[in-house]
C-alpha cells in the first residue's frame, strides 16, 4: 500500500481536487469529513465529469462516490484482491483498527507485490 495519500475536504471544488491529483501524480483522492472517510474520486470519475460537463467550481461532495469500500491494514493482500475484484474497483483505502485512513492500495500495488514473489 502507498502511504502517499492525497485527501480533500467535501467542500473543495472539483477543479481543486483535480489539481491535487495532477500535482501529486496520483489516480485517486480520498474525500474526508472531519477525520473520517466520506468519499473517493478517481481518474475514471474525472473522465465521466468531463463527458457530463460537470462545473469545475462545484463542490466535490456532489459527485464523489459516497459508499467507500475500505480494508483494514491487518488484512492480507489476497483479501484486498478479492474485495477489489468482487467490487470492480481499482482503489482501496486502507484504514486502521480505529477506522482512520492510513494508506491506499491500488491494483498496481497488488501486481507489484505479486511480481516480488516471482
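Each reported figure results from applying straightforward, stated rules to the coordinates on display, with no laboratory input. Computed from a prediction, not measured in an experiment: that's the story for all the values here. Counting neighbours? That spans all protein chains shown, and the Cβs are built from the backbone with ideal geometry, glycine included.
Rounded to the nearest 500 deg cm²/dmol, what is the calculated helix-only ellipticity per residue at 222 nm for the chain, with -39500 (n - 2.57) per DSSP H run of length n ≥ 4?
Result for the chain, helices only: -10500 deg cm²/dmol.
Quick one: angle between helix 14-24 and the longest Cα principal axis of the chain, in degrees between 0 and 90, rounded to 10, please.
40 degrees
Quick one: if you stick a label point 7 Å off each Cα along the C-beta vector at residue 43 and residue 11, how many nm between them?
It works out to 3.1 nm between the two label points.
Which order do 75, 48 fall in if you start with the one that has the fewest other Cβ atoms within 10 Å?
48, 75
Taking every DSSP beta bridge with both residues inside the range 7-117, roughly what % is antiparallel (nearest 5)?
Given both bridge residues lie in the range 7-117, the antiparallel proportion sits at roughly 70 percent.
For the chain, take the longest principal axis of its alpha carbons; what is the angle in degrees between that and the long axis of helix 77-87, to the nearest 10 within 0 to 90?
For 77-87 against the chain, the angle is about 40 degrees.
Normalising by the residue count of the chain, find the relative contact order in percent from Cα pairs under 8 Å and 6+ residues apart.
Normalised by residue count, the contact order of the chain is 28 percent.
Report for the range 1-69 the percent antiparallel among DSSP-assigned beta bridges with both residues inside it, nearest 5.
The antiparallel fraction comes to roughly 75 percent.
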